[in-house]
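Taking it in order: structure first as structure tokens, then the write-up.
The values are calculated or read from the model by the stated rules, or taken from the named source; none is laboratory data. Keep in mind that what you see is a predicted model, and the values were worked out from it rather than measured. Methodologically, a virtual Cβ is constructed for each residue, glycine included, from the backbone with ideal geometry; neighbour enumeration extends over all protein chains shown. SASA here: full protein model, heavy atoms, side chains in, ligands and nucleic acids out. Shrake-Rupley method; radii C 1.70, N 1.55, O 1.52, S 1.80 Å.
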Amino acid sequence: MKPAPEAGSNKMWGGRFAAGPAAIMEEINASIGFDQRMAAEDIAGSRAHAAMLAAQGIISKADAAEIDRGLAQVLAEIEAGTFAFSRALEDIHMNVEARLRDIVGEPAGRLHTARSRNDQVATDFRLWVRKTIDQADAGLEALIRVLLVQAEAGAEVVMPGFTHLQVAQPVTWGHHMMAYVEMFGRDRGRLRDARARMNECPLGAAALAGTSFPIDRHATAAALGFDRPTANSLDSVADRDFALEFLSAATICAMHLSRLSEELVIWSSAQFRFARLSDRFSTGSSIMPQKRNPDAAELIRAKVGRIMGALVALSTVMKGLPLTYSKDMQEDKEPLFDAADALMLSLAAMEGMVRDLAPNVGRLAEAAGQGYSTATDLADWLVRVLGMPFREAHHVTGRIVALAEAKGVDLSALGLAEMQGVEPRITAAVFEVLTPAASAASRLSHGGTAPARVREQIARWKEMLG
Ligand code: ARG
């Protein structure tokens, strides 16, 4: 970074200062190292503000045109990577304005009429978070689409369903994939809710109290794609709820990604062999030649730590702050940027992993029959066919399972005579419900695992996505 343009005091606010800041003061105070990521938003906000000032007759049309031309050039320089950011100029707002002055001269000094860095940063940050919400929403949609492809291909593929990570009842691969579709669908809903609530423009709140200039806040709000201006100038500069809401939604989404990652780690292990991750999303070991490690899944599983950490960090920064703006709030950006990066990377990597994921159909079918997974189906059969009360059927089934366990076989491998030893009224027809496929197909209740029901859900989602 280049040295301060003027030795001594800051040219933006240095009027009452005789000396410049201590080096360590500059270091703790500057945010340009990270808030330069909001350059495009800052310039968009300034262009809207300058146009409004001219429309309201607060600055001349000629000055506004110069400002606009200059800001376009600043943006081009930043995008081209030729812009020299200065730490002495603290933040993106003053870096842009200082360069604007180099380019257009005196009119640049009129841009900051009727605004403050407090409403400016609140506006920039909202624009940045709004853009990020839209990107995350698109990432989630892409992930949902590949989950739907998996679900459709695996609608009939039986696998064990678990509770307590103990085999519970047979389900289908399609049903399991669709469970994540529901989760990621809710994540999109939370992001959209947050977006709708945050889409109000703080620009024009000025430092905290509003301004005596006849500004048109509705015009700047509309120009920047906001639904309306914010209603209270104090709240406008003091509020970071929009960032916290994004981080809350991001945390829940990252938690879902982490759960799916954990399943991929388990499923790809030699003990489970439920699914194979592609070479593109696996890594080898430098010492053990046989290894195929699910590193991407493990990293996504871990990223929730950073994202949830950002939520905790910003919540902690905001708690107890008196109205209105305090410099504490400059600490809002780094955690959020980091969380946004982690979320976007996780979504993209998960999309790739799910796209390539290959279920091991034979192994899943085998596992689906293990662990007495159809014991509930046997109990249900006793209720349905023999008219037994469910509690009694549960007890009888428990005794049959104990018998199978003692012999070391699955339920369907137990002979009819052996079952009849426990309950004489059992007939050979019982074997029809003891296979995992029959078990899954019979669960036709709304939201159940039967392929017919899962296909309905896939169709509903496809229709919603268009
Ligand atoms: N860099 C500051 C931030 O990120 C901009 C606002 C500064 N406002 C002020 N009154 N010093 O919050």
Item to check | residue 249 more than 16 Å from the ligand (Cβ to nearest atom) and part of a helix (DSSP H, G or I) | outcome: yes
Item to check | Selection within the range 53-82 - part of a loop (DSSP other than H, G, I, E, B) and buried (at least 18 other Cβ atoms within 10 Å of the Cβ) | outcome: 58, 59
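Quick one: which residue in 303, 407, 319 is within 30 Å of residue 177 (Cβ to Cβ), out of contact with any Gly (no Cβ under 8 Å at 6 or more places or on another chain) and among the charged types (D, E, K, R)? Before the answer, list the steps.
Working: 407 fails: within 30 Å of residue 177 (Cβ to Cβ); 319 fails: within 30 Å of residue 177 (Cβ to Cβ).
Step by step, each of 303, 407, 319 is checked, and only 303 is within 30 Å of residue 177 (Cβ to Cβ), out of contact with any Gly (no Cβ under 8 Å at 6 or more places or on another chain) and among the charged types (D, E, K, R).
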Next on the checklist: Here are the criteria: (1) part of a helix (DSSP H, G or I); (2) of a type in the set (A, V, I, L, M, F, W, C); (3) within 16 Å of the ligand (Cβ to nearest atom); (4) open to solvent by 50 Å² or more (accessible area, probe 1.4 Å). Tell me which single one residue 317 does not satisfy.
Outcome noted: (4)
Checklist outcome for this item: Pairing a residue in the range 19-38 that is under 15 Å from residue 86 (Cα atoms) with any residue that is exposed (fewer than 10 other Cβ atoms within 10 Å of the Cβ) and not β-branched (Val, Ile, Thr), where Cβ atoms lie under 8 Å and the two sit 6 or more apart in sequence or on different chains, gives 20/7; 29/327
Checklist entry - Taking the range 373-414 as the region of interest, how many residues are surrounded by fewer than 20 Cβ atoms within 10 Å (Cβ to Cβ), within 17 Å of residue 166 (Cα to Cα) and either basic (Lys, Arg) or in contact (Cβ under 8 Å) with a residue 60 or more places away in the chain (or both)? => result 1
Next on the checklist: If residue 149 satisfies all but one of (1) open to solvent by less than 40 Å² (accessible area, probe 1.4 Å); (2) under 22 Å from the mean Cα position of the chain (by Cα), what's the number of the condition it fails?
Outcome noted: (1)
Item to check | Count of residues meeting criterion [within 23 Å of the chain's Cα centre (by Cα) and open to solvent by less than 40 Å² (accessible area, probe 1.4 Å)] in the range 180-223 | outcome: 12
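Take the conditions surrounded by 22 or more Cβ atoms within 10 Å (Cβ to Cβ), at pLDDT 95 or above and away from the ligand (no atom under 16 Å from the Cβ) and apply them to residue 109. Does it pass?
It is false that residue 109 is surrounded by 22 or more Cβ atoms within 10 Å (Cβ to Cβ), at pLDDT 95 or above and away from the ligand (no atom under 16 Å from the Cβ).
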Checklist outcome for this item: Residues of the range 330-367 being open to solvent by 40 Å² or more (accessible area, probe 1.4 Å), in a helix (DSSP H, G or I) and among the aliphatic types (A, V, I, L, M), in sequence order, are 344, 345, 348, 361, 365
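Given the criteria among the hydroxyl-bearing types (Ser, Thr, Tyr), touching a helix residue (DSSP H, G or I) at 6+ places or on another chain (Cβ under 7 Å) and modelled with pLDDT of 95 or more, does residue 251 qualify?
Values: among the hydroxyl-bearing types (Ser, Thr, Tyr): yes; touching a helix residue (DSSP H, G or I) at 6+ places or on another chain (Cβ under 7 Å): yes; modelled with pLDDT of 95 or more: yes.
In short, yes.
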Next on the checklist: Return the pair list, or none, for Cβ contacts closer than 8 Å from residues in the range 316-334 that are farther than 22 Å from residue 233 by Cβ to residues that are more than 12 Å from the ligand (Cβ to nearest atom) and in a helix (DSSP H, G or I), at least 6 apart or on different chains.
Outcome noted: 331/313; 331/314
Item to check | Selection within the range 415-466 - in contact with a Gly (Cβ under 9 Å, 6 or more places away or on another chain), part of a loop (DSSP other than H, G, I, E, B) and open to solvent by 30 Å² or more (accessible area, probe 1.4 Å) | outcome: 435
Item to check | Any chance residue 222 is more than 16 Å from the ligand (Cβ to nearest atom) and free of Cβ contacts under 8 Å to residues at least 60 places away in the same chain | outcome: yes
Checklist entry - Taking the stated definitions as given, is residue 286 outside any helix (DSSP H, G or I) and open to solvent by 70 Å² or more (accessible area, probe 1.4 Å)? => result yes
Item to check | Filter result (surrounded by fewer than 20 Cβ atoms within 10 Å (Cβ to Cβ), in a strand (DSSP E or B) and within 27 Å of the chain's Cα centre (by Cα)) within the range 162-179 | outcome: 162, 163
